[in-house]
Amino acid sequence: MFRRRPHQDGDELLARLGSLTSLARERAEFQRSQVELAIALQREMLPADLPAAPGLRLAARYVPACYGLNVGGDWYDAFRLPDGRIGLSIGDVQGHNIEAAAFMGQVRVGLRALASVTSDPGDLLAVTNDLLMTLGTDLFATCTFMRLDPATGLLESARAGHIPCVWATADGRSGITDDEGGPPLGLQEGMTYPVFRHRITLGGVFVLVTDGVVEGPSLDVDEGLHQTVRLAGIAAVAGLDAGALAAAVIKGAERVGHEDDAAVLVVRHDGPANAA
């Protein structure tokens, strides 16, 4: 009876292992290229700069997760509205792939375009939601949209399934907004989104974040939000600028385990006393 010699078995095993290793390398390179493409897509879709107004300071920070071979669809945005007020948005698309990054771009551009028709935060989220429903995608997004009047410090806000904002004042008060929100965008048409009003006082700050900043394996969302409250409170009392606070908040995201994208948008009002 013919028996295969041991070295022949070894050669076949080595050849098989070599083939599997090559295939695994090709797949890893493909996945890595997909992540790099998604990150590049995200960065191109985020605003190159933020609007300026007398007495108003805006700052943002964004860090992609790159956990394993995933990338999310977080975004932030700030832009001038036709009436001179400023629109602020931040959000998070469900999913971690190129499709999520592309959908993020559609949501962000949709909000900008529709804000020229209606900038009321509740109406804007409602019409954006209905627009997304026509796209026929399974993806959805959480979002907060705010309309800010730089002259008065009045902030009008609506939330679509997104985590609340953080605020702090120069006299030492701080907290988390308790606005009632509506459902995420893109789940069901005909939704409504209540609008709540806040006033950012002289020297005060508002901090908008995505859940990658405040929630992860090492920190639950309540702890994460209160960590951001502490940072905002210190920054407001100490008079730190918006950029320094945004950097501190995104640095704090490392404590949550950072499995998701992390985005921060900070508003600081340094206007005249009668704007408080």
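Here's the yes/no breakdown for (1) out of contact with any helix residue (DSSP H, G or I) (no Cβ under 7 Å at 6 or more places or on another chain); (2) within 15 Å of Asp261 (Cβ to Cβ):
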| position | (1), (2) |
| --- | --- |
| Trp75 | no, yes |
| Pro82 | yes, no |
| Asp92 | no, yes |
| Glu99 | yes, yes |
| Val117 | yes, no |
| Thr137 | no, no |
| Ala141 | no, yes |
| Leu148 | yes, no |
**Asked** Before we move on, is Arg80 at pLDDT 90 or above, touching a Pro at 6+ places or on another chain (Cβ under 7 Å), open to solvent by 20 Å² or more (accessible area, probe 1.4 Å) and under 26 Å from Arg147 (Cβ atoms)?
**Response** yes
**Request:** Taking the options Leu240, Leu219, Leu231, name whichever one is closer than 25 Å to Phe145 by Cβ and among the hydrophobic types (A, V, I, L, M, F, W, C).
**Result:** Leu231
**Request:** Look at segment 122-145 and say how many of its residues are of a type outside the set (Ser, Thr, Tyr), more than 14 Å from the chain's Cα centre (by Cα) and not in a loop (DSSP other than H, G, I, E, B).
**Result:** 11
**Prompt:** Restricting the search to segment 104-118, which residues are open to solvent by less than 20 Å² (accessible area, probe 1.4 Å) and either touching a residue at least 40 places away in the same chain (Cβ under 8 Å) or in a loop (DSSP other than H, G, I, E, B) (or both)?
**Reply:** Met104, Gly105, Val107
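The values are calculated or read from the model by the stated rules, or taken from the named source; none is laboratory data. Source: prediction; values computed, not measured. Here the Cβ is made from the backbone with ideal geometry for all residues, glycine too, and neighbour counts use every protein chain on show. All accessible areas refer to the heavy atoms of the entire protein, side chains included, with ligands and DNA or RNA removed. Shrake-Rupley method; radii C 1.70, N 1.55, O 1.52, S 1.80 Å.
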